[in-house]
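Since the structure comes first, as structure tokens, the remarks are kept for the end.
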Amino acid sequence: MRVLRTQNWFVPIMGSLIGTAWVALLLWEQSPYGRYLEHGRWTELGFAAAICGAIPGGDILLPGLLYAGGWLLMLAAMMLPTTLPLLQRFDCLAATRGDRVELIALLILGYLLVWLGFGVAAHLLDAALHAMVQRSDWLTINAWVLGAVVLLIAGLFQFSRLKYHCLDKCRTPLSFIMQHWHGITPRRDAFLLGTHHGVFCVGCCWAIMLLMFVVSTGNVGWMLVLGGVMGIEKNAAWGRKLSRPLGLALIAWGALIVGGHLKPTKYETILNLETGKAPGFDVPPMLLARADEVIE
């Protein structure tokens, strides 16, 4: 009966947590403050700009807080569902313990902190790229290059050994728990179990998460799609077979973007026959036939 009560407790609590994160993201996206989910002009106008001007270091502090809050919501919505098998097995393992709720909370905390660290690194990289674009006229005109590069990198990573090593670890939660859970120092072990699982999860999914910077970090629809892809890869029986087709699709997407922007430029050929009558100059018939416009 104790195990039954534990399982009945686990499903609604985790479902409520994940569902609340999705609802919060959707409401945030639809609100007048939806732009704060993006990684761009957070503090240039509106209420956020007023706060940034009123407090010391506001132009750094406030964007950091907004980013951390939005990223944690994204993690709760997109990544917690992918780690439910691990959490459910750990919950069964700790079913007879009086501190099982605290241990699960510490596991989730460790997991989210690793992803938050990745998010901070990704944000700094994104900020550096924005600064680079602002300093380069060529990148300003050809900003599509960055998106195409991210798509190609994400696609190629789907074929890497690191991808499959981390994916195999994430797809075997029970053996993962047996390897990292000792129970001698339960709180520490639970937290470290979460961090270790987070490291392998980041190693498996970091490239897919970077796609949020391409398709729009504040788009809940794309969050749902990418979260579903990662969940299938990690948890579905056939999920491992999805990785290579997904890689091919991402490479093709990036190649289409490159091809679409590298179309040959069309130049018009205009011949002035009056000028062509100058001494010593004879207009070749082939050039005359190919001219777009002829001035008599």
Based on the Cβ-Cβ distance of I13 and V225, what FRET efficiency does E = 1/(1 + (r/R0)^6) give at R0 = 30 Å, to the nearest 0.05? 0.70
Cα-based shape type of the stretch 79-151, given that a ≥ b ≥ c are square roots of the gyration tensor eigenvalues and the cut on a/c is 1.5: prolate
With R₀ set to 30 angstrom, the calculated FRET efficiency between the beta-carbons of A131 and D99, to the nearest 0.05, is 0.05
Per residue, how much accessible surface does the stretch 117-162 expose to a 1.4 Å probe? Answer in Å², no decimals. 61 Å²
Give me the number: length gained by fully extending L26 to M178, i.e. 0.36 nm times residue separation minus the C-alpha to C-alpha distance, one decimal in nm. 51.0 nm
Which loop-located chymotrypsin sites (Phe, Trp or Tyr not before Pro) does the stretch 199-254 contain, where loop means any DSSP state but H, G, I, E or B and the Cβ has at most 12 other Cβ atoms within 10 Å? W238
Ignoring ligands, DNA and RNA, what percent of the accessible area of the stretch 114-250 is carbon or sulfur (1.4 Å)? 70 percent
Rounded to the nearest 0.05, what FRET efficiency is calculated for L162 and L242 with R0 set to 25 Å and r the Cβ-Cβ distance? 0.90
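The values are calculated or read from the model by the stated rules, or taken from the named source; none is laboratory data. Keep in mind that this is a model prediction, so the values were computed, not measured. Neighbour counts are summed over all protein chains in view; Cβ atoms, including those assigned to glycine, are modelled from backbone coordinates with ideal geometry. Accessible surface is based on the protein model in full, side chains and every heavy atom, while ligands, DNA and RNA are left aside. Shrake-Rupley method; radii C 1.70, N 1.55, O 1.52, S 1.80 Å.
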